[in-house]
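Engineer: Below you will find the structure I want to go over with you.
The values are calculated or read from the model by the stated rules, or taken from the named source; none is laboratory data. In this text, all values refer to a predicted model and were calculated from it rather than measured experimentally. Cβ: placed from backbone, ideal geometry, glycine included. Neighbour counts: every protein chain shown.
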């Protein structure tokens with residue numbers, strides 16, 4: 001990565017042009033408030049380890065268990081939403097107009113893309 005002297009000299013609060021803005025990443029699996037609570041518990045465990053190592057480990061384990069449970073719940077809810085987008089379609093319905101068939105195909109494509117994205121994210125954990 002090359003050093004950009006012009007950009008480095010810009011004031012910190014200056015807005016970027018649209019072409020310089022970063023594109024948003026994937027939607028977080030957990031709400032930020034829930035993530036923050038778990039991270040706060042984990043930080044507390046790390047900060048108290050020197051004084052009470054066993055209690056710190058128990059708190060870290062509890063934070064891990066809470067994060068895991070929340071992720072399982074969030075993933076199940078995401079799966080239910082994805083499934084609802086395509087599972088209610090009648091596979092036997094042949095009386096679709098071309099525009100209805102195209103719309104359905106696009107819904108299926110979108111659902112497949114979302115399944116792929118979430119599965120790839122899971123495999124990168």
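Engineer: Quick one: residue 76 ticks every box in (1) modelled with pLDDT of 75 or more; (2) more than 18 Å from the chain's Cα centre (by Cα) bar one, so which box is it?
Structural biologist: Result: residue 76 fails condition (2) only.
Engineer: Is it true that residue 61 is surrounded by fewer than 12 Cβ atoms within 10 Å (Cβ to Cβ) and either modelled with pLDDT of 95 or more or within 30 Å of residue 111 (Cα to Cα) (or both)?
Structural biologist: Values: surrounded by fewer than 12 Cβ atoms within 10 Å (Cβ to Cβ): yes; either modelled with pLDDT of 95 or more or within 30 Å of residue 111 (Cα to Cα) (or both): yes.
It is true that residue 61 is surrounded by fewer than 12 Cβ atoms within 10 Å (Cβ to Cβ) and either modelled with pLDDT of 95 or more or within 30 Å of residue 111 (Cα to Cα) (or both).
Engineer: Also: Got a sec? Which of 41, 54, 109 is over 20 Å from residue 124 (Cβ atoms) and either surrounded by 12 or more Cβ atoms within 10 Å (Cβ to Cβ) or touching a residue at least 24 places away in the same chain (Cβ under 8 Å) (or both)?
Structural biologist: 41
Engineer: Would you check if residue 31 is touching a helix residue (DSSP H, G or I) at 6+ places or on another chain (Cβ under 9 Å), at negative phi and touching a residue at least 60 places away in the same chain (Cβ under 8 Å)?
Structural biologist: no
Engineer: Can we say residue 90 is surrounded by fewer than 14 Cβ atoms within 10 Å (Cβ to Cβ) and either part of a helix (DSSP H, G or I) or modelled with pLDDT of 95 or more (or both)?
Structural biologist: No.
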